[in-house]
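Worksheet for the structure shown next.
The values are calculated or read from the model by the stated rules, or taken from the named source; none is laboratory data. Here the structure is a predicted model, which is why all the values come from computation and not from measurement. All Cβ positions, glycine included, derive from the backbone under ideal geometry; neighbour counts span all protein chains shown. Accessible surface is based on the protein model in full, side chains and every heavy atom, while ligands, DNA and RNA are left aside. Shrake-Rupley method; radii C 1.70, N 1.55, O 1.52, S 1.80 Å.
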Amino acid sequence: MIGWEDVYKVVVQVVPLYVALMLGYGSLRWWKIFTKEQSDAINKLVCYFTLPLFIFEFTAHIDPFKMNFSFIAADTISKFIILLGLVLWAKCTTKGSFCWSITSFSLCNLTNALVVGVPMVTPMYGALGKDLVVQSSVLQAIIWIPLLLFVMEFRRTRIEGTMKPISKTMIIENNNNNNVTGEGRGGKDVDATTVAIDVKEELMLEDTVSSRLPFRKLMKLVWLKFMMNPNSYGCVIGISWAFISNRWNLEMPSMLEGSIQIMSKAGTGTAMFSMGIFMALQEKMIACGPSLTIFCLVLKFIAGPAAMAIGSTAVGLHGDVLRVAIIQAAVPQSITSFIFAKEYGLHAEVLSTAVIFGMIVSLPILVAYYAILEFIH
């Protein structure tokens, strides 16, 4: 059962994140230490240095031989349920959008399990809860984050490979992701403006198929860029070392481990700092508007756990394993998803809002899930 001491442990984990966030916000908004161009450089530092090393350091120290493969199967099925639904929505409806499918997948599935999930779930279900949350983080690091990275790289390369007739679309999109103030045109809510720009972008891309790169050349460029991105192979090297070290009882040389940790430990803090700078560039605290904020929270705390419940039922999970599987799907939004959204220019304002407000409302929501799931036997 969760007590006040457990709540305090969660607060201890979350407050430093908001300290880094406010330092980033103040450094640009109040103290004018950084410029917009410098803020982009900070995000690249996080994206290409601290984040890959954080993922490597985390995956290298797990034991892959002790993972719950039924839980992993349930998690995989839940992700495919979300993926299938988004593909059908994008292809079969007039309001479907490739860009929004990417963002929605991120909102439904990517969680901040290590920083927030572990201290929240451990008081509820002890070592079992902690182990399963860590396992979900491993799966996220080696499969779903690289998949998200690949799709974002594909989208950006496709746009960059399109010829000049749609250059205005690229300008509109960049302005939307970096400079939207929340005012819109004629006082319209920013979320309506964002949707309109994405739809316009995709329609214009469809109208200029002849000017795109050939698909084979496009995929070659995407793969080259993807393989050059340290986020794509940091997790692979980490999990490979985990298999080798646990199989033959090897330890990483202390000099090498120290070299990795000196950067990886800065991963979460610098990511929140970058998010704070991004917030300072917006005119409103809720950068994406109230309706999109509600939409984000619904996807995060309802759609994701619902898909996980279906996946868990499909593989026959029961008892505390089933309860942990559902609760870990409702853990707040991954900070990594914002870093990628900022780097690739895709709904960064939406992801930043999801991370910030998701952590604020997550504790009462997870406690509510815990109370409800106690009635499931």
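Structure values in brief
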read-out: Cα-based convex hull volume of region 1-140 per residue, rounded to whole Å³; value: 172
read-out: Zero-based 20 Å bins, Cα pair distances in the chain, whole percents; value: 27, 60, 13, 0
read-out: Accessible surface, per residue, of region 1-87 when the full set of protein chains is kept, probe 1.4 Å, Å²; value: 55
read-out: Region 1-74 versus region 291-339: alpha-carbon centroid distance in Å; value: 19
read-out: Sparsely packed trypsin sites (Lys or Arg not before Pro) within region 65-105, loop by DSSP, other Cβ within 10 Å at most 10; value: Lys95
read-out: For region 330-377: accessible area per residue (Å², 1.4 Å); value: 29
read-out: Angle in degrees between helix 254-264 and the longest Cα principal axis of the chain, rounded to the nearest 10; value: 50
read-out: Net length gained if the chain between Ser70 and Glu5 were fully extended (0.36 nm per residue, minus Cα distance); value: 20.2 nm
read-out: Neighbour cut-off at most 10 other Cβ (10 Å), DSSP loop, chymotrypsin sites (Phe, Trp or Tyr not before Pro), region 336-377; value: Phe375
read-out: Value of [θ]222 nm, deg cm²/dmol, for the chain, DSSP H segments ≥ 4, -39500 (n - 2.57) each, nearest 500; value: -24000 deg cm²/dmol
read-out: Listed residue pairs exceeding 29 Å between alpha carbons, taken from Lys220/Lys342; Lys91/Lys225; Lys36/Lys225; Lys130/Lys284; value: Lys130/Lys284
read-out: Of all accessible heavy-atom area on the chain, the percent that carbon and sulfur account for (1.4 Å); value: 69
read-out: Residue order for Thr111, Thr313 - accessible surface, 1.4 angstrom probe, largest first; value: Thr313, Thr111
read-out: Contact order relative to length of the chain, as percent, for alpha carbon pairs under 8 angstrom and 6 or more apart; value: 35
read-out: Helix axis angle, 348-373 relative to the chain longest principal axis, alpha carbon, degrees; value: 30
read-out: Amide hydrogen neighbours beyond the local backbone of Thr111, cut-off 5 Å, H modeled; value: Ser334
read-out: Paramagnetic reach from Ser240 in region 47-61 [backbone N under 18 Å; point 7 Å along Cα→Cβ]; value: 52-61
read-out: Rough spin-label spacing in nm, given labels placed 7 Å along Cα→Cβ, for Ile294 and Phe80; value: 3.5
read-out: Potential lengthening between Val19 and Asp63 on full extension [0.36 nm per residue; Cα-Cα distance subtracted]; value: 12.6 nm
